Amino acid sequence: MAQYEHLPIYREAFKFLIYCENIVEHFSRYNKYTHGSDLRDTARAVVKLIIRANNLIEKEPVLEELRVTIEEMKLIVRICKEVKAFHNFNSFETAVNHVTEISRQAEGWLKGVRKKRQGLNP
């Protein structure tokens, strides 16, 4: 089985997952069990997809799925902001920064995989 702890995207996604687990505690009861649960589940899904992509030879389909899941996570963070689930703006800002960094790294990984594939098949 491939190692994944060394991947910067894994470390960032795991940090965000732990952040979500802690920040959702401060959501109101309604938001905790609706939007908070969705946010935590999606953050876990992102970490799982990173592990799966790292373990596969053909990474591109899983990285495409990761890209979509990250977009869903962006939407959930924005919904949490709009319904005032975050207890302050700093919490929202930290969440957005994590998700932006994860997205940036995922796009770079996908671009690298595509470039490598095109280099093998000219």
### Task
Measure nothing but the geometry: give the 0 to 90° angle between the long axis through the Cα atoms of 60-82 and the longest principal axis through the Cα atoms of the chain, rounded to 10°.
20 degrees
### Task
Would you mind calculating the relative contact order of the chain from Cα pairs under 8 angstrom and at least 6 residues apart, reporting the percent as a whole number?
32 percent
### Whole-angstrom gap from the stretch 61-122 to the stretch 1-42, using each part's C-alpha centre
13 Å
### Candidate lysines - alpha carbon under 18 Å from residue 32, same-chain residues fewer than 8 apart omitted
74, 81, 84
## Note on the structure
Given 42-48, 30-36, the highest-first ranking by average Cβ count within 10 Å works out to 42-48, 30-36
#### Entry: Candidate lysines - alpha carbon under 24 Å from residue 116, same-chain residues fewer than 8 apart omitted
48, 59
### Message
Just checking my list (i) 131; (ii) 94; (iii) 112 against volume of the Cα convex hull per residue in Å³ computed from this structure; which label fits?
### Response
(ii)
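Throughout, read-outs are computed from the coordinates displayed, never taken from laboratory work. Being a predicted model, the structure only gives us computed values, none of them experimental. Cβ: placed from backbone, ideal geometry, glycine included. Neighbour counts: every protein chain shown.
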